[in-house]
Amino acid sequence: MFEIYLNLIARGLSTGAIYGLTAMGIVLIFQTNNILNWSQGNAGMLITYLAFFLLTLQLPYPLVILLAVIAGATLGGTIEKYLIRPVREKSRIGLLMITLGLAMVFEGLAAFIFRPFPRNFDPLLKGSVTFGPITLGQQDFLVIALSTFIFTTLFLILYRTKIGIGARGIAEDWYGARILGVPVFAIYLFIWSISFALSGLVGILVVPRFALEPHFMLPIQVKAFSAAVLGGMNSVLGAIIGGLLLGVMENIIAFHFPFLKESFSLILVVIVLLFLPTGLLGRKTQRRF
Amino acid sequence: MLKIEGLVSGYGHLEILHSINLSVEKGEIVSVLGSNGAGKSTLLRTISGILKPWKGTITFEGRLLNNLDPIQIVKHGVVHVPEGRHIFPGLTVKENLLLAGYKLRNIELSERYNFVYTMFPVLKEREKQLGGTLSGGEQQMLALARGIMPKPSLLLLDEPSLGLAPKLVTLIFKALKRFRDEGLTILLVEQNAKRALEISNRAYILATGYLALEGNSSDLIADQNVKRLYLGR
């Protein structure tokens, strides 16, 4: 019995890492731009289609992942520069509509270019690995290893590099950063690129669990939001912890009550908002001009 | 050094400053006085590029600043220390300083840290502490320290004494004197008119967006109207 739980937790950590990576992208953009990015999931979906296309060209799988990450970064940067930047100062609600609209445009584009039928997408690694009582798919193990690497890298960027410290400064006080001469727009571009690169990576890593179709990222998007809220919306570390907790809890709940699997995250959000409005690691923030 | 001619500026459709003429010479401290809503902060925000001038010209050392971005204006040596400090509460003192010196290269950076720490030794002690955990006076010192970090030639100070106890106000004004001795030029916006006039060479008085009075600070201190309206005597 105990072994079953260990396996549920291990698999849940892999799912949670996926949620955490997506939540991290959402929180990075939310923190620095004060915009909820609804297209985080679907951007990953579109890039996964691109990866699918590249794989049919017989390119090696790791190279395809790399290209997809680069494509994601380019997409994110382009969106920031040409869609978000012109509207940023003019309308907050307009920005929300832009990211929501993008989510739909991505879905339509994917369906239009690649046809909306579900397609099979093979994982990079197919076998399984065993650690004592735990048996984990190699792909799941890869997800955990890769996300640990990404979390660490991102933290080093945020706490050790000028551009990362600048991003944290913008998140705390946009006006203060701008007036000091911090290149806020270059940093916005950087953050959107990172977030969309993450979304592409997540898409490719997670798609083998489902089938490739235009809305396969929707549940991930919803759960990443839940994870972000659970972690406190304004904390990158919170997003990671929120994602991991959600993944593990969801997996255990689904084992006992399979019909609750999809709705559990939203129930959890309601509970968190009732008792911990700022999430696990969130802080109350004040913004002033 | 700084020359402002016929400056009109404001927010959205609201015109705040009406045709302001003002100049600052090298090595001077010039204060801008006036009651709330007179347009003092608007003036500084327009100089530092946060607001775009509607009409008129702002020239700094012969260079037109009108259409420059705040980043470029900082690069040209004009640094704005905003009202309310705007320090980053979740960043350490050193990170706060780093962002102020964003454009500097690493060698210059360490030299500037040393300079700032000799000016404000208490910040050296607090180097690794989060900005939000500093006392009000220390936060204001950090704000000033951030102002001098990028090696400016003109410092725009908005209400550096706001909300501080008299003892700390004295400390802050001492720091301003030392800045001047180091060769900095300062444009100082202050509510505390008496202190500002005592430290500055010249002063401008704004009233509802118009220039009401200008002159040497020593003359203005003696002026009956200024005494009655701004010095509370």
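Taking residue A:271, is it surrounded by fewer than 16 Cβ atoms within 10 Å (Cβ to Cβ), over 17 Å from the mean Cα position of the chain (by Cα) and more than 14 Å from chain B (Cβ to nearest Cβ)? When the stated conditions are applied, residue A:271 passes them.
The listed residues are A:130, A:135, A:152, and the only one of them that is at pLDDT below 95, hydroxyl-bearing (Ser, Thr, Tyr) and surrounded by fewer than 12 Cβ atoms within 10 Å (Cβ to Cβ) turns out to be A:130. Filtered by the rule that a residue be assigned to a loop (DSSP other than H, G, I, E, B) and within 14 Å of another protein chain (Cβ to nearest Cβ), the range B:99-122 gives B:101, B:102, B:103, B:104, B:105.
For residue A:254, indicate whether it is at pLDDT 90 or above and under 30 Å from residue A:159 (Cβ atoms). No: the conditions fail for residue A:254.
Tallying residues that are under 14 Å from the mean Cα position of the chain (by Cα), without any contact (Cβ under 8 Å) to a residue 40 or more places away in the chain and under 21 Å from residue B:131 (Cα atoms) within the range B:142-181 yields 2. Of all residues in the range A:165-195, those satisfying the criterion of being of a type outside the set (A, V, I, L, M), within 10 Å of chain B (Cβ to nearest Cβ) and either in contact with a Cys (Cβ under 8 Å, 6 or more places away or on another chain) or assigned to a helix (DSSP H, G or I) (or both) are A:166, A:168, A:169, A:172, A:174, A:175, A:176, A:178, A:185. Looking at the range A:188-203, can you tell me whether even one residue there is out of contact with any Lys or Arg (no Cβ under 8 Å at 6 or more places or on another chain), closer than 30 Å to residue B:144 by Cα and in contact (Cβ under 8 Å) with a residue 12 or more places away in the chain? Yes, because at least one residue in the range A:188-203 is out of contact with any Lys or Arg (no Cβ under 8 Å at 6 or more places or on another chain), closer than 30 Å to residue B:144 by Cα and in contact (Cβ under 8 Å) with a residue 12 or more places away in the chain.
The C-beta contact set for the range A:123-149 (first residue of a type in the set (Lys, Arg), second residue surrounded by 12 or more Cβ atoms within 10 Å (Cβ to Cβ), distance under 7 angstrom, 6+ apart or interchain) comprises A:126/A:138. Among the residues of the range B:182-233, the one identified as touching a Phe, Trp or Tyr at 6+ places or on another chain (Cβ under 8 Å), more than 25 Å from residue B:8 (Cα to Cα) and in contact (Cβ under 8 Å) with a residue 40 or more places away in the chain is B:199. From the list A:93, A:79, A:70, the one residue that fits, being among the β-branched types (Val, Ile, Thr), within 15 Å of residue A:200 (Cα to Cα) and surrounded by fewer than 16 Cβ atoms within 10 Å (Cβ to Cβ), is A:70.
The values are calculated or read from the model by the stated rules, or taken from the named source; none is laboratory data. These figures come from a predicted structure and were not determined experimentally. Every residue, glycine among them, receives a Cβ derived from its backbone with ideal geometry; neighbour counts consider all protein chains shown.
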